[in-house]
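J.: Here it is, the structure, as structure tokens.
Values in this text are rule-based calculations from the coordinates and carry no lab data. Nothing here was measured: the structure is a model prediction, and the numbers come from that model. All Cβ positions, even for glycine, are placed from backbone atoms using ideal geometry, and neighbour counts span all protein chains on display.
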Amino acid sequence: MADDTRDSAPGCALTLLLLDAARAVEARAEVALGEVGLSLAKLGALRHLMLAAEPLTLSQLAERHCCGKSNVTQLVDRLEADGFVARASDPDDRRTVRATVTPAGRAAYDRASVLLAEHERSIDAQLGSGPRADLARGLRALREG
């Protein structure tokens, strides 16, 4: 049986445990997403594009994805090479480029959603429904500061 007192002692143990758990969950999610040619970064960008009412400029995508414009440009380059995103000139300003999800991108996003739902079911199986709700509430509180 593991010594849980180490994780609840004052100091940095809880912070490190939280970070270790996040890395483990992230690693498992990355493996699952790899099955459909995606990563968490690619999925995040696709999600913003899927939720947008219209194709986004790369600047808008960078803002929504909380990263720099050069990072988004490289991310869109990879998504475009994968056939998941297409670039198009803005009809109102030819200097502006917009990104839009392709049918293949929509299909990959849908498959990724199914895979992540399965991933969450395995987390549910480990935690149970009560602890999961408490964890989600706690994580939201930590995120919001």
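J.: With a Förster radius of 25 Å, plug the Cβ-Cβ distance of residue 26 and residue 102 into 1/(1 + (r/R0)^6) and report the FRET value to the nearest 0.05.
T.: After rounding to 0.05, the efficiency reads 0.40.
J.: Here's something else I'd like to know. For Rg and Dmax of the Cα atoms in Å, pick the label among (1) 18.8, 64; (2) 17.4, 68; (3) 18.0, 64 that corresponds to the value derived from the coordinates.
T.: Correct label is (1).
J.: I would also like to ask the following. Starting from 0.36 nm per residue, how many nanometres of slack lie between residue 142 and residue 54 once their C-alpha separation is accounted for?
T.: Values: separation 88, 0.36 × 88 = 31.68 nm, distance 3.22 nm.
Between residue 142 and residue 54, full extension yields 28.5 nm more.
J.: Take peptides 87-99, 49-61 and line them up by average Cβ neighbours within 10 Å, highest first, as a rough protection proxy.
T.: Numbers: 87-99: 12.6, 49-61: 16.0.
Top of the packing list down: 49-61, 87-99.
J.: Further, regarding this structure: Give, rounded to the nearest 20 debye, the magnitude of the charge dipole that the stretch 38-144 has about its Cα centre when Lys and Arg contribute +1 at Cβ and Asp and Glu contribute -1 at Cβ.
T.: 120 debye
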